[in-house]
Amino acid sequence: MMNGAKEVLAQLNVSRETSEKLLLLSSLLEKWNPKINLVSKSSLKDLWMRHILDSAQIYELPPENAQNWVDIGSGGGFPGLVIAILSAENANSRKITLIESDQRKCAFLRTVLRETEVPATVLSERIEKADPQRADVLSARALADLSLLFEFSERHLGERGIALFPKGATWQKEVKLAQESWSFKYDAIKSKTEPEAVILKVGEIRRV
Ligand SMILES: C[S@@+](CC[C@H](N)C(=O)[O-])C[C@H]1O[C@@H](n2cnc3c(N)ncnc32)[C@H](O)[C@@H]1O
């Protein structure tokens, strides 16, 4: 088993079936990564902590009735694929959509979904061109600064939806800058995987 897998799986406390799906994701990622660079080579050895646990921690954050979850700029599937796998465990009727413009990465995302038998839709399109999704939850990790993420939210987030954006140590600077052009409410939830990082949970995003 790969570095950290046991510890992370114990921490997540998921069923055997879900553990197997996450293990399948990690082995497919290891296999595809040298060809299409889904995560940086240096972070591959910490895949479970840096990517899988980091993605899983946002799964609990939306309200239970949030049905339509859209992950933009999904890349190698963080957090989108992990959210789809965890949602499948709960057999809830949540609809998951991943938007990613790189065709090869989309082929990887579809392969993992097929092999794990997890339902989700992959849109291989540019975020700014894809049909508006009216998401209840919009997530994006390592995609853009907050101001650009708000522009994407304007297109894809539903009226009462919330956005979940994991951000690193400079998140306060990004918030300040975004406040020049946008009004919004936010909580900064401490990350479980990086001491200075947070997950920004943002709602009521409006242009000023
Ligand atoms: C730095 S990667 C992050 C991937 C993943 N979210 C993660 O945290 O590992 C950003 C991803 O967003 C995709 N992307 C960037 N701009 C995009 C756009 N305008 N429309 C769709 N995908 C985009 C890129 O192809 C890339 O896979």
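The values are calculated or read from the model by the stated rules, or taken from the named source; none is laboratory data. Here the structure is a predicted model, which is why all the values come from computation and not from measurement. Reconstructed Cβ throughout: ideal geometry from the backbone, glycine too, with neighbour counts over all protein chains shown. We work out accessible area using only protein heavy atoms, side chains counted, and drop any ligands, DNA or RNA first. Shrake-Rupley method; radii C 1.70, N 1.55, O 1.52, S 1.80 Å.
So, for the stretch 67-151, what is the accessible surface per residue at a probe of 1.4 Å, expressed in square angstrom?
Here the residues of the stretch 67-151 average 41 Å² of exposed surface.
Could you give the length gained by full extension between LYS185 and LEU24, i.e. 0.36 nm per residue of separation minus their alpha carbon distance, to one decimal place?
Length gained between LYS185 and LEU24: 54.2 nm.
Net charge near CYS106, counting Lys/Arg +1 and Asp/Glu -1 over other residues with Cβ under 10 Å of its Cβ?
0
DSSP loop GluC sites (Glu not before Pro) in the stretch 14-88 with at most 10 other Cβ atoms within 10 Å of their Cβ, which ones?
GLU60, GLU64
Let's test the formula: R0 of 25 Å, r as the Cβ-Cβ distance of ALA107 and LYS192. What FRET efficiency results, to the nearest 0.05?
Rounded to the nearest 0.05, the efficiency is 0.20.
Which of LYS6/LYS35; LYS31/LYS192; LYS21/LYS41; LYS21/LYS45; LYS95/LYS201; LYS21/LYS167 have a Cα-Cα distance over 25 Å?
LYS6/LYS35; LYS31/LYS192; LYS21/LYS167
Given a 1.4 angstrom probe, I'd like the percentage of the accessible area of the chain that is carbon and sulfur, rounded to a whole number.
Of the solvent-accessible surface of the chain, carbon and sulfur hold 47 percent.
Between beta-carbons, use under 10 Å as the cut-off and find the net charge around PRO166, counting Lys and Arg +1, Asp and Glu -1.
0
With each pseudo-label sitting 7 Å past Cα toward Cβ, what's the ASP145-ASN90 distance in nm, one decimal?
3.4 nm
Just in the stretch 1-107: which chymotrypsin sites (Phe, Trp or Tyr not before Pro) are loop by DSSP and have at most 14 other Cβ atoms within 10 Å?
The qualifying sites: there are none.
Give the distance, in whole Å, between the Cα centre of the stretch 127-141 and the Cα centre of the stretch 22-51.
If we compute the Cα centre of each part, the gap is 25 Å.
Be a star and scan the stretch 113-130 for residues whose amide nitrogen sits under 17 Å from the point 7 Å along the Cα-to-Cβ vector of LYS31.
113-118
Please identify the GluC sites (Glu not before Pro) of the stretch 102-208 that satisfy two criteria: DSSP loop assignment and at most 13 other Cβ atoms within 10 Å. Which are they?
The qualifying sites are GLU117, GLU125, GLU128, GLU180, GLU196.
If I stretch the segment between GLN11 and LEU177 completely, what's the gain in nm (0.36 nm per residue apart, minus their alpha carbon distance), one decimal?
In short, 56.2 nm is gained.
Using 7 Å Cα-to-Cβ label points, what is the LEU61/SER42 separation (nm, one decimal)?
2.5 nm
What does the C-alpha gyration tensor say about the overall shape of the chain? Classify as rounded when a/c is under 1.5, otherwise prolate if a/b is larger than b/c, or oblate.
Judged from the Cα gyration tensor, the chain comes out prolate (a/c at least 1.5, a/b above b/c).
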